[in-house]
Amino acid sequence: MDETPRRRSHFQRNLIAGLLTIAPLFAVWLVFNFLLGVLSTFGGPLAAELTVFIDQNFPTAAPWLADPRIRLAMAVVIALLALYGIGAIASRVIGQRLIGLFERIIGRIPLVQTIYSAAKKLVDVLQQKPGN
């Protein structure tokens, strides 16, 4: 009796099981990596300015600030604080009015309006609680 087909089948099953196990973890890593990249890109300029300020006023902190991981963390934290501030403003009445004005302006630009409305619908779907 030839063991090769059985071994091949066993190998394929284990390989597929391994891929299916790793796929969700890989997807989470991709999303997390993307979000960190976006946050560090947006927070980078403010983090650079903050680094200069700290270097000038607290020279003993310079070795810490030379570490790229510290700068990345600063950029991410600054971007998250900015998002928090935007969210706080948007949840108020004046923020709702500004968002409404922005959406009316976006509604007049054909291609941008299509992309914005599709993204907004996706976010609305993701915000819905299960069962609603």
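The values are calculated or read from the model by the stated rules, or taken from the named source; none is laboratory data. None of the values given here were measured: they were computed from a predicted structure. Cβ atoms come from the backbone with ideal geometry, glycine included; neighbour counts cover every protein chain shown. To get the accessible areas, we keep the full protein, side chains included, count just its heavy atoms, and leave off ligands, DNA and RNA. Shrake-Rupley method; radii C 1.70, N 1.55, O 1.52, S 1.80 Å.
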Selection count, the range 76-98, where residues are open to solvent by less than 60 Å² (accessible area, probe 1.4 Å) and either out of contact with any Phe, Trp or Tyr (no Cβ under 8 Å at 6 or more places or on another chain) or in contact (Cβ under 8 Å) with a residue 60 or more places away in the chain (or both): 7
Just give me the residues in the range 1-53 being small (Gly, Ala, Ser) and over 30 Å from Ile86 (Cα atoms), in sequence order. Ser9, Ala17, Gly18, Ala23
For the range 1-20, give me each residue that is surrounded by 10 or more Cβ atoms within 10 Å (Cβ to Cβ) and polar (S, T, N, Q). Ser9, Gln12, Asn14
Looking at Leu46, is it of a type in the set (A, V, I, L, M), under 17 Å from Ala73 (Cα atoms), surrounded by 10 or more Cβ atoms within 10 Å (Cβ to Cβ) and touching a residue at least 40 places away in the same chain (Cβ under 8 Å)? no
Quick check on this structure: which one of Ala48, Ala62 is in contact with an Asp or Glu (Cβ under 8 Å, 6 or more places away or on another chain) and assigned to a helix (DSSP H, G or I)? Ala62
